[in-house]
1. What number of residues within region 383-416 are more than 25 Å from residue 328 (Cα to Cα), out of contact with any helix residue (DSSP H, G or I) (no Cβ under 6 Å at 6 or more places or on another chain) and without any contact (Cβ under 8 Å) to a residue 24 or more places away in the chain?
2. When you go through (1) under 30 Å from residue 286 (Cβ atoms); (2) surrounded by 20 or more Cβ atoms within 10 Å (Cβ to Cβ); (3) at pLDDT 95 or above one by one for residue 100, which number turns out not to apply?
3. Would you mind finding the one in 302, 225 that is under 27 Å from the mean Cα position of the chain (by Cα) and closer than 25 Å to residue 112 by Cα?
4. With (1) assigned to a loop (DSSP other than H, G, I, E, B); (2) at pLDDT 90 or above as the list, and residue 116 as the residue in question, which single condition is left unmet?
5. Whether any residue in region 216-223 is in contact with a strand residue (DSSP E or B) (Cβ under 9 Å, 6 or more places away or on another chain), within 25 Å of residue 274 (Cα to Cα) and touching a residue at least 40 places away in the same chain (Cβ under 8 Å) is what I want to check.
6. Where the second residue is surrounded by 18 or more Cβ atoms within 10 Å (Cβ to Cβ) and in a strand (DSSP E or B) and the first is at pLDDT below 95 and lies in region 37-61, which pairs have Cβ atoms under 6 Å and are six or more apart or on separate chains?
7. Any residue at all in region 241-252 that is surrounded by 14 or more Cβ atoms within 10 Å (Cβ to Cβ), in a loop (DSSP other than H, G, I, E, B) and either at positive phi or in contact with a helix residue (DSSP H, G or I) (Cβ under 6 Å, 6 or more places away or on another chain) (or both)?
């Protein structure tokens with residue numbers, strides 16, 4: 001068994017210890033939020049267990065929409081993003097103020113715009129590593145927060161007598177915590193151990209392959225795509241039958257991030273083969289052959305590509321059990337069509353951190369606190385999984401309205417209305433606090449009921 005982390009005066013005053021499995025955006029957001037809301041007189045001690053040798057992240061680009069931007073402001077994180085694209089002010093100035101994705105019908109030689117989505121502020125466009133670094137920089141130092149790398153969880157067991165959870169790692173070591181939160185992704189070991197055999201939910205493949213790459217600005221310049229081109233200034237979605245391609249600039253415009261989706265109609269529920277693999281650029285170009293010139297020109301700029309079999313976690317029956325909970329992709333992995341993965345993981349983390357640091361959440365009340373989190377977040381987050389499926393079908397004209405051409409005003413208006421409705425939750429700048437208020441009320445009601453029953 002591995003030794004317990006060394007305790008100093010802060011740790012000796014701790015009200016309990018929480019183990020966070022996974023050091024990605026969700027896990028680090030939880031560690032950061034606990035650090036922010038911790039009571040210095042009775043702090044929650046956090047141990048983050050990351051399976052990789054270092055804290056890092058997969059993927060490249062991340063788009064921050066009004067809902068998540070408001071939470072970043074509330075948590076004091078925006079100071080880390082000064083100078084990033086669209087970070088300067090929530091109410092920007094210029095021709096494209098308050099515009100989300102620009103959608104185009106592109107699977108033809110003469111493409112045409114469908115919709116430029118209005119919103120309160122332009123999306124902030126970041127590299128994922130910069131986002132993770134900002135979270136990491138706001139995490140409290142040891143012993144309040146301890147990061148353990150090369151710790152791959154294989155199982156966990158809840159001890160009802162001791163009211164603790166034992167974690168077992170692949171290297172043979174163990175650790176004990178008062179509560180465990182799984183932020184360990186779509187293939188979550190925590191989720192597998194938390195749910196019963198009858199409740200078990202496996203990741204599903206909805207038939208979607210996403211080609212990903214970054215294109216440097218020099219490659220764009222060499223192909224005659226200037227700095228003021230929409231490709232280099234806006235979030236774009238090129239839509240077509242059975243596939244669509246998303247691009248947006250990141251890293252202060254140094255790169256354009258690309259995610260190109262191809263849907264396979266007849267597909268098994270479980271993907272055969274590697275979920276992530278390198279592919280030739282020719283494979284990507286062939287998938288969009290015959291599309292409008294801007295798409296084909298852009299694809300001539302790519303030098304490398306990888307193919308990702310997108311997996312989802314649909315309809316998990318609960319997000320907590322006893323002293324164990326899950327968040328982020330472990331709870332609600334969905335397709336990335338809303339750019340909401342990191343944002344929703346942060347909301348999970350925010351609500352959970354507020355509950356864990358709440359004065360009423362003592363060690364004995366941890367199951368009630370995690371149940372309050374489950375009550376507040378489960379229905380909403382699992383609904384987004386279904387919304388992203390509908391979003392994919394809308395973008396690829398397999399479900400919902402389909403414009404017949406650039407002069408089909410009714411078709412374009414109906415398509416735009418449906419897209420705006422699906423995206424509505426991303427415009428709600430008070431979403432995270434609304435969930436927190438619901439969770440706090442639920443927790444207080446549960447604890448009040450418990451005290452009444454104990455007095456009888």
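The values are calculated or read from the model by the stated rules, or taken from the named source; none is laboratory data. Computed from a prediction, not measured in an experiment: that's the story for all the values here. Cβ atoms come from the backbone with ideal geometry, glycine included; neighbour counts cover every protein chain shown.
1. Total satisfying the criteria: 8.
2. Just one mismatch for residue 100, condition (3).
3. Numbers: 225 fails: under 27 Å from the mean Cα position of the chain (by Cα).
Step by step, each of 302, 225 is checked, and only 302 is under 27 Å from the mean Cα position of the chain (by Cα) and closer than 25 Å to residue 112 by Cα.
4. (1)
5. no
6. These pairs meet every condition: 60/214; 60/257; 61/250; 61/257.
7. Here is the first cut: in region 241-252, the residues surrounded by 14 or more Cβ atoms within 10 Å (Cβ to Cβ) are 242-252.
Adding the requirement that they be in a loop (DSSP other than H, G, I, E, B) leaves 242.
After this cut, where a residue has to be either at positive phi or in contact with a helix residue (DSSP H, G or I) (Cβ under 6 Å, 6 or more places away or on another chain) (or both) as well, the list is 242.
Looking through region 241-252, at least one residue is surrounded by 14 or more Cβ atoms within 10 Å (Cβ to Cβ), in a loop (DSSP other than H, G, I, E, B) and either at positive phi or in contact with a helix residue (DSSP H, G or I) (Cβ under 6 Å, 6 or more places away or on another chain) (or both).
This table checks each residue for (1) buried (at least 16 other Cβ atoms within 10 Å of the Cβ); (2) out of contact with any helix residue (DSSP H, G or I) (no Cβ under 9 Å at 6 or more places or on another chain).
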{"site": "117", "(1), (2)": "yes, no"}
{"site": "144", "(1), (2)": "yes, no"}
{"site": "148", "(1), (2)": "yes, yes"}
{"site": "171", "(1), (2)": "no, yes"}
{"site": "180", "(1), (2)": "yes, no"}
{"site": "192", "(1), (2)": "yes, yes"}
{"site": "195", "(1), (2)": "yes, yes"}
